[in-house]
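Okay, structure first, notes after.
The values are calculated or read from the model by the stated rules, or taken from the named source; none is laboratory data. Not measured: the values here are computed from a predicted model. For neighbour counting, all protein chains shown are included, and Cβ atoms are generated from backbone atoms with ideal geometry for every residue, glycine included.
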Amino acid sequence: MNNNSLITRIRQLNITSEMAYIASGASIALSIGIWILNQDDDRPHAERFGIFVGLWAPTLAILGNVLDQHEHRHPLPTLPE
């Protein structure tokens, strides 16, 4: 399966670039939340887990960018009104 067919498959699941960008931002917010809320229990674990979740952000942003490019090159057909 090549990269283009993977992106096509993702789009067929109705996942949009906007969803990926929102998930990227949510990943950053969740990372900060995890780090702040779990500092009292086990600080080193909270830091590592917060960093792990924060690392999702660039991946999701790149996915959003690739989906955005694909959406502009290959728009999905719209249903007639």
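Worth pointing out:
Conditions (1) without any contact (Cβ under 8 Å) to a residue 12 or more places away in the chain; (2) hydrophobic (A, V, I, L, M, F, W, C), marked per residue:
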residue	(1), (2)
Arg11	no, no
Asn14	yes, no
Ser24	no, no
Arg43	yes, no
Ala46	no, yes
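- Answer residue from the stretch 26-36, given it is among the hydrophobic types (A, V, I, L, M, F, W, C) and touching a residue at least 12 places away in the same chain (Cβ under 8 Å) and is surrounded by the fewest Cβ atoms within 10 Å (Cβ to Cβ) among those: Ile32
- Elements of the type helices (runs of 4 or more DSSP H) sitting completely within the chain and holding at least 1 residues that are at pLDDT below 85 and out of contact with any Ser or Thr (no Cβ under 9 Å at 6 or more places or on another chain): these cover 3-12, 17-37, 43-54.
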